[in-house]
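The values are calculated or read from the model by the stated rules, or taken from the named source; none is laboratory data. Please read these numbers as outputs of a predicted model, since none were measured by experiment. Backbone-built Cβ (ideal geometry, glycine too); neighbour counts: all protein chains shown. When the accessible area is computed, the model is the full protein with side chains, heavy atoms only, and any ligands, DNA or RNA have been set aside. Shrake-Rupley method; radii C 1.70, N 1.55, O 1.52, S 1.80 Å.
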Amino acid sequence: MKIASVVGARPQFVKAFPVSNALRDDHEEVLIHTGQHYDDEMSDVFFEELPIPEPDVNLGVGSHSHAKQTAAMLEGIDDVVSKCAPDVVLVYGDTNSTLAGALVGSKRDVVVAHVEAGLRSYNRSMPEETNRVLTDHCSDLLFVPSERAVETLANEGITRGVYDTGDVMYDSLLAVRERARDCSSIVDELGHTDGKYVLATVHRAANTDNPDRLESILTGLSNAPSPVVFPAHPRTVDALESEGLDRALPSNVDVIDPVGYLDFVRLLDGAERVATDSGGVQKEAFYLDTPCVTLRDETEWRETVACGRNELVGTDPTAIHRALTREFESSTDDTPYGDGNAAARIVAALESVTDAPQRNVSE
Ligand code: UD1
Ligand code: UDP
């Protein structure tokens, strides 16, 4: 079986490495990096630290308007797919790289497989929501992380090719958690103590492109009960600078460069709370038992809210402060996103729909 895997943004490197490893045991993978993320700390560091092979192709698409960026990806991925003639185009998540890969596969009449299918925020102003819906509706195989995602797809008329594999980010986290605890010294380096700092990340367009919301988040963080470590996405740094907010940062908020996955997992593991608008970080907080304060009005990961480990607060400073200081439900035994063996199930499902030899995979 030959798989063309499409990645391009930070969370996709994290999602792809367990699947890539499982695939390469018995199959051929052509790894296409669109170049959507390109800074060392947004891309290279993941290929250096994680057991993921170097991309076979980097399209070097870079940053543009969404349409131009997606168009450049379409052209580049199409060239690679037409040359390498894969059995499957495999895409991850909900970025422009995801949509471009899915569209190329669909237009080339190659099986399209989507990892992290069936997620919805029901907020169409998010660019990711359009990417999710369109990708799901042109995918042949839909690897979903939860029972809710199966129902979501069924409600949209998609029932064929749906596999509840669990969340592949759980595989990723389990693969590095101990290594992060043993090898990362970032908490010490930053002068913090476990359980006595708050971790923050912000990168959603709705927060970075709206100065009032960004300022409101900073005000909320300024009242945090502990120092705040804030590894900032480049678009957030740009927004802080263009609004002059970087010159008036709260004294307890330490804005640092984005960190690699091992350091990030270590920071999240040791934090007393995380405040974030990230999708992946909400789940990782859940797996690591770190209470999560989500700087959005809705989430695709509603199970984390339902079990009391995540609170949606939007950007209101009072709500942020309250959530950063209140008690959360004690950790839960709920496992809404599977058992951390999603990659093996994904490979088994791919084998079952192509002519590839079957392997034994425990359910
Ligand atoms: C993208 C995804 C988002 C995902 C996020 C993960 C889309 C529509 N959005 O958002 O779903 O959650 O990645 O982090 O696909 N930039 C740099 N260096 C880089 C990358 C980006 O400076 O290596 C800056 C550029 O100014 C760029 C901006 O960040 O214009 C936004 O980057 P882009 O990839 O368009 O979107 P993200 O906000 O990263
Ligand atoms: N992450 C990281 N370093 C950072 C911030 C995040 O390695 O400084 C990782 C994080 O552990 C998670 C992924 O990046 O696996 C989430 O990416 P992001 O928040 O950019 O995107 P989203 O998940 O919202 O699409």
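Quick look at the values:
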quantity: Evaluation of LEU153 against (1) out of contact with any Pro (no Cβ under 7 Å at 6 or more places or on another chain); (2) closer than 19 Å to ASN341 by Cα (one fails), failing number; calculated: (2)
quantity: Residue that is surrounded by the fewest Cβ atoms within 10 Å (Cβ to Cβ) [pool: residues in the stretch 74-124 that are basic (Lys, Arg) and not in a helix (DSSP H, G or I)]; calculated: ARG124
quantity: Failed criterion for VAL281 (all others in (1) within 16 Å of ligand 1 (Cβ to nearest atom); (2) farther than 26 Å from ARG120 by Cα; (3) in contact (Cβ under 8 Å) with a residue 60 or more places away in the chain hold); calculated: (2)
quantity: Flag if ARG302 is charged (D, E, K, R), open to solvent by less than 20 Å² (accessible area, probe 1.4 Å) and more than 26 Å from PHE46 (Cα to Cα); calculated: no
quantity: Residue, nearest to ligand 1 (Cβ to nearest atom), within the stretch 221-268, restricted to residues that are open to solvent by 50 Å² or more (accessible area, probe 1.4 Å) and acidic (Asp, Glu); calculated: ASP238
quantity: Strands (runs of 3 or more DSSP E) within the stretch 176-260 that include 1 or more residues touching a residue at least 60 places away in the same chain (Cβ under 8 Å); calculated: 198-201, 253-256
quantity: Meets criteria (closer than 16 Å to ALA285 by Cβ, more than 10 Å from ligand 2 (Cβ to nearest atom) and not hydrophobic (A, V, I, L, M, F, W, C)) for TYR197; calculated: yes
quantity: Sole exception among (1) over 30 Å from GLY105 (Cβ atoms); (2) surrounded by 18 or more Cβ atoms within 10 Å (Cβ to Cβ) for TYR163, by number; calculated: (1)
quantity: Residue match in the stretch 322-343 (condition: farther than 15 Å from PRO225 by Cβ, open to solvent by less than 40 Å² (accessible area, probe 1.4 Å) and of a type in the set (A, V, I, L, M)); calculated: yes
quantity: The stretch 59-99: number of residues that are aliphatic (A, V, I, L, M) and within 16 Å of ligand 2 (Cβ to nearest atom); calculated: 2
quantity: Residue check, HIS27 open to solvent by 10 Å² or more (accessible area, probe 1.4 Å), within 11 Å of ligand 1 (Cβ to nearest atom) and over 15 Å from the mean Cα position of the chain (by Cα); calculated: no
quantity: Flag if GLU129 is part of a helix (DSSP H, G or I) and closer than 19 Å to ALA100 by Cα; calculated: yes
quantity: Unmet criterion (only one of (1) more than 19 Å from the chain's Cα centre (by Cα); (2) within 16 Å of ligand 1 (Cβ to nearest atom); (3) more than 24 Å from THR354 (Cβ to Cβ)) for GLU75; calculated: (2)
quantity: Residue within the stretch 269-277 that is surrounded by 17 or more Cβ atoms within 10 Å (Cβ to Cβ), on the phi > 0 side of the Ramachandran plot and not polar (S, T, N, Q) present; calculated: no
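Conditions (1) assigned to a helix (DSSP H, G or I); (2) under 19 Å from the mean Cα position of the chain (by Cα); (3) of a type outside the set (Asp, Glu); (4) farther than 20 Å from ASN207 by Cα, marked per residue:
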{"residue": "LYS283", "(1), (2), (3), (4)": "yes, yes, yes, no"}
{"residue": "THR304", "(1), (2), (3), (4)": "yes, yes, yes, yes"}
{"residue": "GLY308", "(1), (2), (3), (4)": "no, no, yes, yes"}
{"residue": "ALA319", "(1), (2), (3), (4)": "yes, no, yes, no"}
{"residue": "GLU327", "(1), (2), (3), (4)": "no, no, no, yes"}
{"residue": "THR332", "(1), (2), (3), (4)": "no, no, yes, yes"}
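Residue-wise test of (1) under 15 Å from GLY166 (Cα atoms); (2) of a type in the set (S, T, N, Q); (3) in contact with a Phe, Trp or Tyr (Cβ under 8 Å, 6 or more places away or on another chain).
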site: VAL265; (1), (2), (3): no, no, no
site: SER278; (1), (2), (3): no, yes, no
site: GLU311; (1), (2), (3): no, no, yes
site: GLY314; (1), (2), (3): no, no, no
site: THR325; (1), (2), (3): no, yes, no
site: SER331; (1), (2), (3): no, yes, no
site: PRO336; (1), (2), (3): yes, no, no
site: ASP339; (1), (2), (3): yes, no, yes
site: ALA342; (1), (2), (3): yes, no, yes
